[in-house]
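The values are calculated or read from the model by the stated rules, or taken from the named source; none is laboratory data. All of these numbers come straight from a predicted model, not from anything done at the bench. Please note: Cβ atoms are built from the backbone with ideal geometry, for glycine as well, and neighbour counts cover all protein chains shown. Surface accessibility is based on the protein's heavy atoms, side chains included, excluding ligands, DNA and RNA. Shrake-Rupley method; radii C 1.70, N 1.55, O 1.52, S 1.80 Å.
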Amino acid sequence: MDTPRRVEHQQTDRGYVPVYATGTVEQPWASYSKTDHEVWDTLYRRQRELLPSYACQEFLDGVERFGLGDGGIPRFDDLNKVLGKATGWELVAVEGLLPDEVFFDHLANRRFPVSWWIRKPDQLDYLAEPDLFHDLFGHVPLLLNPVFADYMQAYGKGGMKAHAIGPEALMNLTRLYWYTVEFGLIRTERGLRIYGAGIVSSKGESIYSIDSAAPNRLGFDLERVMNTRYRIDTFQQTYFVIDNFEQLFDATGPDFTPIYAKLAQGEAVAAGDVLPTDTIYQRGTREGFVSGGDN
């Protein structure tokens with residue numbers, strides 16, 4: 001398998017990471033090695049065995065509809081036939097992490113960028129940047145849900161506006177993505193369940209986010225989330241819980257410009273803090289928390 005084209009390294013909200021060529025590419029499916037397919041199958045099997053007890057039903061249904069466990073790395077063209085018919089979204093293959101404005105433009109036009117390359121066998125448990133398994137298994141199943149699909153498009157449109165306003169507004173919006181799309185929990189009849197891609201693609205954090213006594217689990221509040229720092233080097237210290245995906249979509253309705261102005265007047269909340277105004281599902285024990293280093 002070829003090597004993705006890194007353009008540069010730069011400090012971003014996700015830490016010091018490579019930034020890649022910004023154009024879309026054809027998925028090099030014929031170039032995937034036997035090892036690449038085995039890595040996908042290993043990761044898929046591990047998460048599929050675990051997630052029925054941890055992930056929300058909408059995510060599990062999406063995995064089944066796509067047939068992600070049919071053996072080997074899926075073909076994007078096959079998935080697009082299902083996805084386009086369901087919600088009008090399309091997967092596009094990219095080299096890796098994209099500059100913010102390019103990423104937002106894709107989302108605003110119902111295109112989801114997926115890194116075409118997959119991690120190595122010695123990286124099953126941790127990878128500093130998102131690969132094909134994170135992007136595809138973690139993010140794409142929920143794009144079959146019409147409400148969540150609309151939320152993602154609205155987020156992309158909001159991202160383009162925030163990028164034009166300035167870096168502080170962009171950081172506020174990035175925190176919303178982090179605590180919902182990447183690390184969100186949802187309240188269900190079966191208790192709290194995962195929908196965030198950063199959790200469902202990680203065995204360790206899937207278990208930690210639901211079972212551990214250490215982190216806080218707090219009710220979703222838009223301004224609170226947008227004003228809360230987060231961790232990129234450890235499991236999260238706080239998870240925010242939505243009632244349903246409609247709540248998430250409705251939160252994107254107002255103009256965020258006044259919110260950005262309001263938040264700019266105060267200090268951001270540390271990742272592990274609990275406020276008197278929070279709806280608390282669980283106040284964490286903070287075991288293992290590291291001070292400092294929040295984004």
Checklist entry - For the range 23-282, with the dipole built from +1 on Lys and Arg beta-carbon atoms and -1 on Asp and Glu ones, taken about the Cα centre, which of W29, A164, F245 lies farthest toward the positive end? => result F245
Checklist outcome for this item: Filtered hits (aspartates and glutamates, Cα-Cα < 14 Å from K157, offset >= 8 within chain) -> D100, E101, D105, D255
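Could you please report the charge total around V147, scoring K, R as +1 and D, E as -1 over all other residues with beta-carbon less than 10 angstrom from its beta-carbon? Could the numbers behind the result be given before it?
Details: positive: none; negative: E58, D150, E246, D250.
Its environment carries a net charge of -4.
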Checklist entry - Taking only Cα atoms, what is the 0 to 90° angle, nearest 10, from helix 57-66's long axis to the longest principal axis of the chain? => result 20
Checklist entry - Who wins for biggest fluctuation among H106, H134, H37 in a Gaussian network model of the chain, springs between alpha carbons below 10 Å? => result H37
Checklist outcome for this item: Nearest 10, in degrees from 0 to 90: the angle of helix 146-165 to the longest Cα principal axis of the chain is 70
Checklist outcome for this item: Checking F112, F245, F183 against a Gaussian network model of the chain (alpha-carbon springs below 10 Å), the top fluctuating residue turns out to be F245
Checklist entry - Y44: net charge of surrounding residues, Cβ under 14 Å, Lys/Arg +1, Asp/Glu -1, itself excluded? => result -3
Next on the checklist: How large is the accessible surface of T234 in square angstrom, using a 1.4 angstrom probe and rounding to the nearest 10?
Outcome noted: 60
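Express the accessible area of the chain per residue in Å², computed with a 1.4 Å probe while the remaining protein chains stay in the model.
Numbers: 13060 Å² over 295 residues.
That works out to 44 Å² per residue.
At most 12 other Cβ atoms within 10 Å plus a DSSP loop assignment makes a site exposed; report the longest stretch of the chain without any exposed GluC sites (Glu not before Pro).
Working: sites that count: E26, E189, E267, E287.
Formally, the longest exposed-site-free interval is 27-188.
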Next on the checklist: Using a 1.4 Å probe on the protein heavy atoms only, what accessible surface does R46 show? Give it in Å² to the nearest 10.
Outcome noted: 60
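Largest first, how would I232, I242, I210, I165 line up by accessible area (1.4 Å probe)? Before the final figure, lay out the partial values.
Details: I232 60, I242 0, I210 40, I165 90 Å².
Accessible-area ranking of I232, I242, I210, I165, largest first: I165, I232, I210, I242.
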Next on the checklist: In whole Å, what are the extents of the chain along the principal axes defined by its C-alpha atoms, from largest to smallest?
Outcome noted: 54, 40, 36
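Can you check what the net charge comes to around L132, using other residues whose Cβ is under 9 Å from the Cβ of L132 (Lys, Arg +1; Asp, Glu -1)? Present the calculation step by step, with values, prior to reporting the outcome.
On the way: positive: R119; negative: D36, D131, D135.
Net of charged neighbours comes to -2.
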Checklist entry - Rounded to the nearest 20 Debye, what is the dipole magnitude of the chain about its Cα centre when Lys and Arg each give +1 and Asp and Glu each give -1 at the C-beta? => result 220
Checklist entry - Among the lysines, which fall within straight-line cross-link reach of K120, defined as a Cα-Cα distance under 17 Å, with same-chain neighbours fewer than 8 residues apart omitted? => result K34, K203
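Report, to the nearest whole %, how much of the accessible area of the chain belongs to carbon and sulfur atoms, 1.4 Å probe, protein only. Write out the running numbers ahead of the final one.
Working: 6340 of 13060 Å².
Accessible surface attributable to carbon and sulfur in the chain totals 49 percent.
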Checklist entry - In degrees from 0 to 90, rounded to the nearest 10, what is the angle of the helix 34-50 Cα long axis to the longest principal axis of the chain? => result 40
